[in-house]
Amino acid sequence: MRGSDILTIAGKQFRSRLFVGTGKYPDFAIMEKALAASGTEMVTVAVRRVNLDRTQESLLDYIDLKKYTLLPNTAGCYTADDAVKYARLAREVGMSNWVKLEVIGDQRTLFPDNEELLKATKILVKDGFVVLPYTNDDPVFAKKLEDAGAAAVMPLGAPIGSGLGIRNPHTIAIILQNARVPVIVDAGVGTTSDASIAMEMGADGVLMNTAIAGAKDPVKMAEAMRKAIEAGRLAYEAGRIPKKAYASASTTMEGMIE
Amino acid sequence: MEIRLNGKTREVADGMTVSQLLDELKLQALRVAVQVNTDIVKRERYAEVALRSGDTVEILTFMSGG
């Protein structure tokens, strides 16, 4: 990790460009270790009914709030009204005004409902929230969200939990070219190369959950993802060579025996 | 009186405030959000908002999620 490479979202600085979800780990202890291995500084959480049986462990017992910023999501919301309500509940729980805004349009694909997403973004921005909307990989719509005041846009690489990687790199590239706010690729990562590809293209960060939590060894995968994100970022900054159809020799012909 | 708490019926003392309910549930120390019927009750109003019979109360917190 290099100190000079800082990602800034809504005035908040991040040295890690990897954002990690807290769902689906085998247990909280593994999650805690995986989060540490990932090097992440911001983790997503959901807002749900409290467990009234206090003998059970709580997620927050395993998240050091001095190390991690919480990013509450509105997962499971299918309308703008619902998402706005959950964002406000999250603000009340967390006393922070950041939200990963999800408004889902379809149960099987978990693709966003753009119309409702834009509506919710406008309401929450007006209400003082820092809104990070999870959106389609649609350059026109990403721009609309940005114009509506989103602090970052988070296009999906592929459906949530699918592990299919970056399905439409060219549309993500267009989003990156046009955006004036940070672009976080959210969802779809299956393994390290997917994360690297997003970062090599110039994505400002990647948000993932299942790729780490669902791996056979989540802690090892978390470390792998940290390295993939850093490698991809460095390669982007270094500037890759252009692709060519023919070879160009790395070794000079000069000095060969005549 | 009876209230509906997180989807289940619960018997509580008449006129119980949100603050007293959180005490009874041993949730005071936890980060939660409280919604009574359709309104979010702000933290600073927990002690003054009294519940009424039949109220629907939701107490939420952060749970695992992506």
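Data table
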quantity	calculated
Residue tally, condition buried (at least 20 other Cβ atoms within 10 Å of the Cβ) and either more than 14 Å from chain B (Cβ to nearest Cβ) or under 16 Å from the mean Cα position of the chain (by Cα) (or both), over region A:93-112	7
Enumerated helices (runs of 4 or more DSSP H) restricted to region A:171-258, each holding at least 1 residues that are more than 19 Å from the chain's Cα centre (by Cα), closer than 25 Å to A:Thr8 by Cβ and more than 14 Å from chain B (Cβ to nearest Cβ)	A:218-238
Members of region A:164-204 that are surrounded by 18 or more Cβ atoms within 10 Å (Cβ to Cβ) and on the phi > 0 side of the Ramachandran plot	A:Gly165, A:Ala187, A:Gly188
Filter result for A:Tyr68 (within 12 Å of chain B (Cβ to nearest Cβ), touching a residue at least 60 places away in the same chain (Cβ under 8 Å) and in contact with a strand residue (DSSP E or B) (Cβ under 9 Å, 6 or more places away or on another chain))	no
Lone unmet requirement of (1) without any contact (Cβ under 8 Å) to a residue 40 or more places away in the chain; (2) within 13 Å of chain A (Cβ to nearest Cβ) for B:Ile59	(1)
Members of region A:143-163 found to be surrounded by fewer than 20 Cβ atoms within 10 Å (Cβ to Cβ) and part of a helix (DSSP H, G or I), listed by number	A:Lys143, A:Lys144, A:Asp147
Selected residue [surrounded by 19 or more Cβ atoms within 10 Å (Cβ to Cβ), in contact (Cβ under 8 Å) with a residue 12 or more places away in the chain, more than 18 Å from the chain's Cα centre (by Cα) and more than 8 Å from every other protein chain (Cβ to nearest Cβ)] from A:Ala34, A:Ala83, A:Ala29	A:Ala83
Some residue of region B:10-23 being surrounded by fewer than 14 Cβ atoms within 10 Å (Cβ to Cβ), touching a strand residue (DSSP E or B) at 6+ places or on another chain (Cβ under 8 Å) and closer than 30 Å to A:Asn209 by Cβ	no
Qualifying residue in region A:66-84 (condition: more than 26 Å from A:Glu237 (Cβ to Cβ), modelled with pLDDT of 95 or more and touching a Cys at 6+ places or on another chain (Cβ under 9 Å))	yes
Every residue from region A:3-26 that is away from chain B (no Cβ under 12 Å), surrounded by 18 or more Cβ atoms within 10 Å (Cβ to Cβ) and within 25 Å of A:Lys85 (Cβ to Cβ)	A:Ile9
Residue match in region A:61-80 (condition: more than 21 Å from the chain's Cα centre (by Cα), closer than 30 Å to A:Ile123 by Cβ and surrounded by fewer than 21 Cβ atoms within 10 Å (Cβ to Cβ))	yes
Segments classed as strands (runs of 3 or more DSSP E), wholly inside region B:1-55, with at least 1 members that are more than 10 Å from chain A (Cβ to nearest Cβ) and touching a residue at least 12 places away in the same chain (Cβ under 8 Å)	B:2-5, B:33-36
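The values are calculated or read from the model by the stated rules, or taken from the named source; none is laboratory data. As the structure is a computational prediction, the values presented were derived from the model and not from experiment. Note that we place each Cβ from the backbone using ideal geometry, even for glycine, and neighbour counts take in every protein chain shown.
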